[in-house]
Amino acid sequence: MPNTKHAIIRYQALDKCFRNKSKRYFINDLVNVCQSAIENFTGNAEGVQKRQLYDDIAFMMSENGYNAPIEKDKMGRKVYYYYSDVNFSINNQPLTESEALELKETLITLNRFKGLPQFEWIESMTTRLEASFQFGTEANQIIEFDQNEFLKGKEYIKELYHAITNKTPLNITYKSFASNSNMVFELHPYYLKQYNNRWFVFGKNPNFDNITNLALDRIQDIQQANTPFITTNIDFKEYFEDIIGVTFNNQLSPSKIVLRIDESLWPYIETKPLHGSQKVVNKTNAFTDIMLELIPNYELEALILQHGEKIQVLQPIELKDKIYSRVEQLIKKYNCAE
């Protein structure tokens with residue numbers, strides 16, 4: 001049985017070689033072609049052994065594989081491989097049982113992307129494949145993703161996505177939680193981001209120096225603006241490296257934040273770090289101290305408060321005082337309720 005890692009990539013590469021009647025492919029040629037195909041697909045150079053390809057060829061010829069009509073002829077002391085049937089291709093054959101299972105599992109995962117603009121093809125493709133291969137719908141009953149199907153604003157993702165890719169400025173009618181009336185923002189959109197099951201669009205509003213972010217569930221309408229698009233050089237992957245969530249304060253720089261984690265909570269924080277910069281600076285049987293390097297914001301405060309008494313802020317003093325003040329207000333509300 002062939003090594004399954006990158007097997008499909010190798011089968012496809014071999015299939016192209018065996019169908020090519022204008023060139024003879026010897027085993028060393030096949031090794032080079034498969035290595036190039038894997039590197040082009042994954043970005044990583046990975047050695048392919050001759051023994052691996054002999055196993056691949058045997059599998060492709062077998063009933064469990066593709067029943068491929070692979071022939072080999074000698075040229076001097078070397079052997080080259082080809083299809084005896086010029087019209088044969090593994091892509092014209094029915095799926096094997098193992099391929100059908102892999103496809104089924106892939107479709108389950110892809111279903112979580114339904115509704116996103118770059119994945120519009122998924123719903124129709126899933127329906128056709130389920131009908132063609134009789135996958136049925138029972139697969140969807142064994143896995144669930146943390147996604148809010150009733151979230152408002154998802155209908156704007158497609159329009160915003162295309163506005164970003166086509167560099168189209170927009171006039172966005174927006175109603176914030178703090179206002180009862182609508183506002184119209186001119187926005188030159190750059191980036192879409194999901195956080196805590198809500199979607200946000202980031203872009204340039206000419207009236208402000210900093211990047212503006214708008215929650216999609218507060219958008220009321222979107223219209224194209226008749227103005228030249230303002231471009232940006234911001235790398236948004238780096239833009240979010242120094243924060244948790246989506247609230248960014250350009251006036252602040254990343255600072256060292258030290259948190260004391262109760263030992264009962266530590267296994268969860270260890271396996272799911274609060275931030276990529278998380279480092280352990282002290283550990284005892286009762287607690288673990290970690291250090292984060294990021295810009296404090298509302299989302300960080302919410303994350304700390306979410307864990308209640310299990311997390312204590314040690315530094316900076318400004319963040320410690322802010323958390324203390326919020327806890328104090330919470331206690332007052334509970335006392336008033338009595």
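³J(HN,Hα) across the stretch 323-329 via Karplus (A = 6.51, B = -1.76, C = 1.60, θ = phi - 60°), whole Hz, x for Gly/Pro?
5, 4, 5, 5, 5, 4, 5
Using θ = phi - 60° and the Karplus form 6.51 cos²θ - 1.76 cosθ + 1.60, what ³J(HN,Hα) does each residue of the stretch 71-77 get, whole Hz, x for Gly and Pro?
Working through the residues one at a time gives 10, 9, 10, 8, 10, x, 9 Hz.
Give LYS16/LYS74; LYS167/LYS193; LYS204/LYS256; LYS175/LYS237; LYS152/LYS237; LYS175/LYS322 a once-over and call out the pairs whose C-alpha atoms are over 23 Å from each other.
Numbers: LYS16/LYS74 20 Å; LYS167/LYS193 17 Å; LYS204/LYS256 29 Å; LYS175/LYS237 28 Å; LYS152/LYS237 25 Å; LYS175/LYS322 28 Å.
Violating the 23 Å limit, Cα to Cα: LYS204/LYS256; LYS175/LYS237; LYS152/LYS237; LYS175/LYS322.
Provide Rg over Rh for the stretch 255-337; use the alpha carbon set for both Rg and the Kirkwood Rh (inverse mean inverse pair distance).
0.98
With label points built 7 Å along Cα→Cβ from the Cα atoms of ASP217 and ASN250, find their separation and express it in nm.
Result: 2.8 nm between the two label points.
Could you state the per residue volume, in Å³, of the convex hull enclosing the Cα atoms of the stretch 148-303?
Details: hull volume 22.0 nm³, N = 156.
With only Cα atoms used, the stretch 148-303 gives 141 Å³ per residue.
Could you list which residues have their amide H under 5 Å from that of PHE185, counting only those 5 or more apart in sequence or on another chain, with H placed in the peptide plane?
ILE172, THR173, TYR174
Sequence-distant or interchain residues sharing an amide H contact under 5 Å with SER255, placed H: which?
For SER255, whose amide H was placed from the backbone, the distant partners under 5 Å are LEU294, ILE295.
Can you tell me the equivalent ellipsoid semi-axes for the stretch 154-239? Use √(5λ) from the Cα gyration tensor, largest first, whole Å.
Those come to 18, 16, 13 Å.
Report the full-extension gain for the segment SER62 to ARG326: residue separation times 0.36 nm, less the Cα-Cα distance, to one decimal in nm.
Once the chain is fully extended between SER62 and ARG326, it gains 88.2 nm.
Based solely on C-alpha atoms, express the radius of gyration and the Dmax of the stretch 189-265 in angstrom.
In Å, with Rg to one decimal and Dmax whole: 16.1, 57.
When N counts the residues of the stretch 7-92, how does its alpha-carbon radius of gyration compare numerically with 2.2 N^0.38 Å, as a ratio?
Against the empirical 2.2 N^0.38 Å value, I get 1.04 for the stretch 7-92.
None of the figures in this text is laboratory data; all of them are computed from the coordinates on show. Just so we're clear, the structure is a prediction, and the values are computed from it rather than from any experiment. Every residue, glycine among them, receives a Cβ derived from its backbone with ideal geometry; neighbour counts consider all protein chains shown.
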